[in-house]
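Each reported figure results from applying straightforward, stated rules to the coordinates on display, with no laboratory input. Remember, predicted model here, so these are calculated numbers, not experimental data. Cβ sites come from the backbone with ideal geometry, for glycine too, and all protein chains shown count toward neighbours.
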Amino acid sequence: MYRVHAGRLRRRLRSQIGSSDEAKDLVQEAFTRMLGAPGGAEVRNPAAFLNRIVRNLLIDRKRRASARPPHLPLESEADAAVAPGQSEALEYEEMKARYRAAVETLPPRMRQVFIFHRIDGLGYREIAARLDISIRTVEWHVAEAIVRIAKGLDV
């Protein structure tokens, strides 16, 4: 069933969301949900059922994205709606300095992976190819960097 339907779903999702990696993840999630559904392996019309699951996954993805606050990089003040007061500006500068210090304490490879991902905006697959490491290793470096930086910021 996977061989029959996965390619079509991946192509559809890739064209809708523009990311091959996210498309693969969503297809995997769709099949996982289908198999976890009551009678999942014995669905009468698996193509329609998978299309419905994918549609629901896209709706969930959109909801999560809209619920997230917008990402504002710490390096820019990105035209805030209200100009920060002096104490907020000092607090902001202090937070930037602590963030930079936390990033600098990361091991060199982890710091490089984190910067490629968060600052340069590269995807896991591209980072893995550039550094000749596995995607799983890239995922681990990013996750571990986030944990270590959070500890450095006392979050």
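Find which of ILE119, SER15, VAL147 sits farthest along the positive direction of the dipole of the chain, computed with +1 on the beta-carbon of Lys and Arg, -1 on that of Asp and Glu, about the Cα centre.
With unit charges placed on the Cβ atoms, the residue in question is SER15.
Just to check I understand the Karplus step: with θ = phi - 60° and J = 6.51 cos²θ - 1.76 cosθ + 1.60, what whole-Hz values come out for the range 126-140, glycine and proline as x?
5, 5, 4, 5, 5, 9, 6, 10, 7, 4, 4, 5, 4, 4, 5
Using unit Cβ charges (K, R positive; D, E negative) and no other charged atoms, how large, in debye to the nearest 20, is the dipole of the chain about its Cα centre?
Numbers: 27 positive and 20 negative charges, 253 e Å.
Using only the charged Cβ atoms, the result is roughly 1220 debye.
Could you give the length gained by full extension between ILE119 and ILE146, i.e. 0.36 nm per residue of separation minus their alpha carbon distance, to one decimal place? Kindly include the intermediate steps, with their values, before the conclusion.
Working: separation 27, 0.36 × 27 = 9.72 nm, distance 1.31 nm.
Between ILE119 and ILE146, full extension yields an extra 8.4 nm.
Can you tell me which lysines have their Cα less than 18 Å from the Cα of LYS24? Leave out same-chain residues fewer than eight positions away.
Partners found: LYS62.
Quote the charge dipole size of the range 2-67 about the Cα centre in Debye, to the nearest 20; the model charges only the Cβ of Lys and Arg (+1) and of Asp and Glu (-1). Display every interim value, and only then the final one.
On the way: 15 positive and 6 negative charges, 54 e Å.
Here the range 2-67 has a charge dipole of around 260 debye.
Counting only GluC sites (Glu not before Pro) that sit in a DSSP loop (anything but H, G, I, E, B) with at most 12 other Cβ atoms within 10 Å, what is the longest stretch of the chain containing none of them?
Values: sites that count: GLU75, GLU77.
Formally, the longest exposed-site-free interval is 78-155.
Simple spin-label model, 7 Å along Cα-to-Cβ: GLU139 to THR32 in nm?
My value for the distance between the label points is 0.9 nm.
Using a simple spin-label model with points 7 Å from Cα along the Cα→Cβ vector, what separation in nm is obtained for LEU58 and GLU126?
2.4 nm
Tell me, what is the percent relative contact order of the chain, built from C-alpha pairs under 8 Å that lie six or more residues apart?
Details: 79 pairs, mean separation 24.0, N = 155.
That works out to 16 percent.
Using a Förster distance of 22 angstrom, determine the FRET efficiency expected from the C-beta separation of ALA67 and ASP21, and round it to 0.05. Could you put the intermediate results ahead of the total?
Values: r = 22 Å, r/R0 = 0.99.
According to the calculation, E is roughly 0.50.
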